[in-house]
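Shown next, in structure tokens, is the structure this report addresses.
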Amino acid sequence: MARVHEITIWTRGVVKDKEGRDVANALTLAADKEGKFTQAFDNYVDLPDRVNVPLRKYARISDEEIEMRYDYENEKPEIVVVVDQAIVKGVNLLRGMERDGVLVVNTDRSPETILKFVPNSALLKTLVCVDADGISGKATVDFSGTEGGIDTAGLGAGIAAPLLGAVAKVTDLVKLENLAGIVKDVEGLRRGYEQAVVVSLNGGAKKEAA
Amino acid sequence: MFTIPKEREVPFAGITPAPVNEQPMMITGNWRTYRPVINHEECNLCMNCVVFCPDACWQLNEAGDEVVWNWKYCKGCLICVNECTHGALTKEHELDFEDGVVRLEKLF
């Protein structure tokens with residue numbers, strides 16, 4: 001089985017639940033357009049979510065059919081997306097991550113501030129900081145897409161769009177053009193792509209050049 | 001009369017030790033995005049925060065001259081900031097502080 005790329009999204013219950021779900025869904029739909037095999041789902045353990053509870057959304061992207069159908073948690077995330085910056089203080093975000101991971105944080109603070117709260121930052125290759133709140137300015141609160149229901153609000157209308165742009169900037173799993181065809185707020189997506197601050201850590205850039 | 005073999009003397013699932021003051025298995029401090037910060041000079045000990053806190057995170061200290069905040073369980077609802085009569089409580093972002101790191105290995 002080819003490598004399954006695991007993406008974990010940390011978000012806050014109810015108030016930013018929709019945004020986290022949108023990130024997972026849009027990433028997998030964009031990868032699906034390239035003919036990749038994908039899965040996107042909530043973490044069952046975190047549900048039912050309550051207001052402000054840290055909770056996880058999962059996405060998986062693979063070139064071949066994903067055979068880990070009954071593994072319901074991402075044990076070894078490659079990319080971790082944080083929708084609310086205060087979560088970096090509350091949770092061991094990089095648990096299970098192998099070397100050369102990517103951390104994408106929605107923050108208006110400097111990368112140094114975020115790194116201060118990531119104790120195992122030696123695992124990271126790249127840290128991406130994007131001020132998605134400042135770019136988009138709103139979090140969609142909508143429950144129509146939960147539990148298999150049809151999403152009537154549309155994907156990526158709020159802070160999910162700039163976050164997706166930041167993810168597209170540092171990974172080749174998804175293409176920005178494909179995301180632009182899915183996300184509602186295309187302008188926010190492009191601004192997130194342009195304004196994301198990418199920090200290479202632990203010689204990540206050097207390794208890529210070699 | 002039968003005896004339970006030693007290896008089967010296990011506690012029932014879902015039983016946790018009864019908390020005396022705090023329940024260390026249910027720490028909820030990582031729900032917080034903003035925290036209330038008290039200015040003790042402004043505080044006149046009206047006890048509104050103690051009464052209104054849904055999680056009893058504001059308590060009078062033993063000397064009885066200050067209210068003390070419990071960062072481990074405060075969920076950041078900021079009801080206390082709303083109810084404070086003297087404006088002694090302010091809302092501050094969690095990342096402005098280095099303390100109060102709740103790194104739970106397992107969420108419940």
Self-check item: Leading residue by the ranking (surrounded by the most Cβ atoms within 10 Å (Cβ to Cβ)) among those in the range B:50-108 that are within 11 Å of another protein chain (Cβ to nearest Cβ) and of a type in the set (Val, Ile, Thr)
Solution: B:102
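Any idea how many residues of the range A:129-143 are part of a strand (DSSP E or B) and more than 14 Å from chain B (Cβ to nearest Cβ)?
Within the range A:129-143, residues that are part of a strand (DSSP E or B) and more than 14 Å from chain B (Cβ to nearest Cβ) number 1.
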Quiz item: Condition test on residue A:2, is it crowded, with 20+ Cβ neighbours inside 10 Å, away from every other protein chain (no Cβ under 14 Å) and out of contact with any Cys (no Cβ under 9 Å at 6 or more places or on another chain)?
Solution: no
Practice problem: Look at the range B:48-79 and say how many of its residues are more than 12 Å from the chain's Cα centre (by Cα) and either among the charged types (D, E, K, R) or over 26 Å from residue A:52 (Cα atoms) (or both). | Solution: 7
Quiz item: Of the residues that make up the range B:16-30, is at least one under 22 Å from residue A:113 (Cα atoms), modelled with pLDDT under 95 and either basic (Lys, Arg) or touching a strand residue (DSSP E or B) at 6+ places or on another chain (Cβ under 8 Å) (or both)?
Solution: yes
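Here is a yes/no grid of residues against (1) under 21 Å from residue B:95 (Cβ atoms); (2) modelled with pLDDT under 90; (3) crowded, with 21+ Cβ neighbours inside 10 Å:
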| site | (1), (2), (3) |
| --- | --- |
| A:85 | yes, no, yes |
| A:102 | yes, no, yes |
| A:110 | yes, no, no |
| A:121 | yes, yes, no |
| A:129 | yes, no, yes |
| A:133 | yes, no, no |
| A:149 | no, yes, no |
| A:164 | no, no, yes |
| A:168 | no, no, yes |
Quiz item: Only one residue in A:126, A:107 is more than 14 Å from chain B (Cβ to nearest Cβ) and under 12 Å from residue A:197 (Cβ atoms), so which one is that?
Solution: A:126
Quiz item: Given the residues A:117, A:37, which is the only one that is of a type in the set (Phe, Trp, Tyr) and buried (at least 18 other Cβ atoms within 10 Å of the Cβ)?
Solution: A:117
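The values are calculated or read from the model by the stated rules, or taken from the named source; none is laboratory data. Owing to the predicted nature of the structure, the values given are computational and were not obtained by experimental measurement. Methodologically, a virtual Cβ is constructed for each residue, glycine included, from the backbone with ideal geometry; neighbour enumeration extends over all protein chains shown.
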